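The values are calculated or read from the model by the stated rules, or taken from the named source; none is laboratory data. Given the structure is predicted, the values throughout are model-derived calculations rather than measurements. Neighbour counts are summed over all protein chains in view; Cβ atoms, including those assigned to glycine, are modelled from backbone coordinates with ideal geometry. For accessibility, only protein heavy atoms count, side chains too; no ligands or nucleic acids. Shrake-Rupley method; radii C 1.70, N 1.55, O 1.52, S 1.80 Å.
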Amino acid sequence: MKSDPGYSAAFGAVWRALVRDYRQGEGHRARARLGFLTPPEGRGRVVWIKAGAGPDSLRLGVELLGAVRDRRRDVRVVLTFEEDDPALLTRLLQPWPRVGIGYGPCDRPSVVTRVLDRFQPCGIIVAESTPPENLLRRTLAPVAVVGGAATAPVAVAWPLSAADRAGWQETGQAGELMPAADPQARFAEAQADVVLRSLAGGGERHLWWWHGTAAQWPAWLEAWQAWPPSGDDILMVSLEGGVSPAEATLKASAWDRTGLPGGTLLHVDDPRWYAAAASAAHGVHLAYPGRHALWQALAAGSALSLGAQADVDGLPVALLPAPAGVTGHWQELRGDEALRRRRGDAGRRRFWEERRQVDANLTALMDRVWMW
């Protein structure tokens with residue numbers, strides 16, 4: 001699970017992060033890292049949602065914030081994070097009253113004491129963050145952990161996978177252990193829309209979506225160019241971290257929606273395009289099965305294959321680590337509409353199974369928050 005060592009309890013890592021903050025003109029982040037935080041104005045006890053680093057954690061933190069505000073109008077809510085994403089926050093946040101949002105503290109003992117004295121939380125939710133052991137040991141408030149594992153007791157644990165759940169069972173640190181479910185499934189767009197397919201190829205060309213890392217891209221590009229249909233079909237490509245492949249014909253964000261010629265490499269340069277890409281593609285291959293792309297492909301009913309095993313149980317997808325295996329698989333899909341539908345429907349059913357469990361877990365968690 002992604003985490004910034006500058007938010008751990010290690011003195012050296014925290015000190016280096018503080019120096020970096022000040023050098024980059026982010027004094028507010030440095031002060032937050034040291035625990036100089038102030039709860040929102042107003043009356044009411046505080047529920048603290050502590051998110052980790054990365055957009056998945058931040059997106060979940062915002063979702064939990066909204067769920068708490070819907071259930072408990074009498075409390076103040078604080079959402080802290082390790083990595084900011086202004087575009088994501090602007091798109092997701094509502095103007096809730098009595099809500100505080102900003103960078104969070106590290107897990108140094110003195111910092112934890114300072115924050116607990118200032119917040120005096122009635123409950124803490126750790127959202128996809130490396131569980132802060134000093135915080136867990138020092139707080140008297142009930143703690144719910146979504147993702148991760150802890151060596152200190154917590155009131156509620158929401159594991160993301162069967163392996164996570166087994167880890168919690170082994171340690172016995174959770175007062176209540178929920179069924180495994182990946183909350184990122186909640187953020188996938190569940191309505192399929194094939195408009196992109198019509199716009200790009202006029203309904204005549206096949207569209208394919210490949211998602212992976214910059215290191216995986218050269219080998220895949222070589223395999224794609226050697227595949228005979230690549231001159232007539234359209235490849236949508238996205239790379240982890242937003243890296244732009246130099247060979248891309250154009251970016252999706254700059255596309256004027258005119259028809260695309262055969263052989264086009266369309267760079268899907270924003271995750272907000274994933275839903276459209278997944279629903280338009282005749283086949284999807286995730287060489288790197290990132291959770292956002294994975295659930296979106298399943299939700300769209302794509303004929304999906306993976307280059308590596310994902311940490312999700314019971315996925316009805318083909319595992320194809322070699323690029324040549326992918327083009328062979330796509331050749332099979334290219335001439336068999338019934339096969340594409342069967343595999344897409346199986347993936348969609350698996351998505352809804354996960355989505356229902358996520359919703360059940362969220363309801364159960366908010367029931368606990370109601371009692372805080």
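Are there GluC sites (Glu not before Pro) in region 132-228 that DSSP marks as loop and that have at most 11 other Cβ atoms within 10 Å, and which are they?
Sparse-neighbourhood loop GluC sites (Glu not before Pro): GLU204.
Normalised radius of gyration for region 200-314, please: alpha carbon Rg relative to 2.2 N^0.38 Å, two decimal places.
Rounded to two decimals, the normalised Rg is 0.98.
Please state the shape class of region 291-372: rounded when a/c is under 1.5, otherwise prolate if a/b exceeds b/c and oblate if not, all from the C-alpha gyration tensor.
prolate
At what distance in angstrom do the alpha carbon centres of region 195-257 and region 16-45 lie from each other?
42
Give a quick list of GluC sites (Glu not before Pro) in region 30-101 that DSSP marks as loop, anything other than H, G, I, E or B, with at most 12 other Cβ atoms within 10 Å.
Answer in residue order: GLU41.
Of ASN134, GLY242, GLY290, which is farthest along the charge dipole of the chain in the positive direction, counting Lys and Arg as +1 and Asp and Glu as -1 at C-beta?
My answer, from the dipole projection, is ASN134.
In what order, largest first, do ASP256, ASP233 sit by accessible area if the probe radius is 1.4 Å?
ASP256, ASP233
Rounded to two decimals, what is Rg over Rh for region 236-372 when you use alpha-carbon atoms and the Kirkwood radius?
1.04
So if a site counts as exposed when it's one of the trypsin sites (Lys or Arg not before Pro), its DSSP state isn't H, G, I, E or B, and it has at most 13 other Cβ atoms within 10 Å, what's the longest stretch of the chain without one?
74-256
Just how far, in whole angstrom, is region 51-107 from region 301-372 if you go by their alpha carbon centroids?
If we compute the Cα centre of each part, the gap is 28 Å.
Provide Rg and Dmax in Å for region 11-140, with only Cα atoms included in the calculation.
Taking only Cα atoms of region 11-140, I get Rg and Dmax of 14.1, 41 Å.
What does the charge count near LYS251 come to, summing +1 for each Lys or Arg and -1 for each Asp or Glu among other residues with Cβ under 15 Å from its Cβ?
-2
What does the charge dipole of region 260-338 about its Cα centre add up to, to the nearest 20 debye, if the Cβ of each Lys and Arg holds +1 and the Cβ of each Asp and Glu holds -1? It would help to have the intermediate numbers written out before the result.
Working: 3 positive and 7 negative charges, 22 e Å.
The calculated dipole for region 260-338 is roughly 100 debye.
When all C-alpha to C-alpha distances in the chain are sorted into bins of 20 Å, what percent of pairs does each bin hold, rounded to whole numbers?
28, 50, 22, 0
Need the C-alpha centroid separation for region 114-146 versus region 264-299, integer Å.
If you average the Cα positions of each part, the centres end up 36 Å apart.
For the chain, give the magnitude of the charge dipole about the Cα centre (Cβ charges: +1 Lys/Arg, -1 Asp/Glu; no others), in debye to the nearest 20. Numbers along the way, then the final one.
Details: 42 positive and 41 negative charges, 277 e Å.
That gives the chain a dipole magnitude of about 1320 debye.
For a Förster distance of 30 Å, can you work out the FRET efficiency between the beta-carbons of GLN24 and ALA308, rounded to the nearest 0.05? Working shown, then result.
Numbers: r = 34 Å, r/R0 = 1.15.
That gives a FRET efficiency of 0.30.
Using label points projected 7 Å from each Cα along Cα→Cβ, tell me how many nm separate ASP85 and GLN169, to one decimal.
Rounded to a tenth, the inter-label distance reads 3.2 nm.
Label ARG31 and LEU250 with points 7 Å out from Cα along Cα→Cβ: what is the distance between them in nm?
4.7
Just name one of LEU315, GLY147, ALA32: the one whose Cα is farthest towards the positive end of the charge dipole of the chain (beta-carbon charges, Lys/Arg +1, Asp/Glu -1).
Looking along the dipole axis, the top candidate is ALA32.
Taking 0.36 nm per intervening residue step and subtracting the Cα-Cα distance, what contour gain separates TRP96 from MET366 on full extension?
Using 0.36 nm per residue and subtracting the Cα-Cα distance, I get 95.4 nm.
Set the Förster radius R0 to 25 Å, insert the Cβ-Cβ distance between GLU133 and ARG45 as r into 1/(1 + (r/R0)^6), and round the FRET efficiency to 0.05.
Working: r = 24 Å, r/R0 = 0.97.
Here the calculated transfer efficiency is 0.55.
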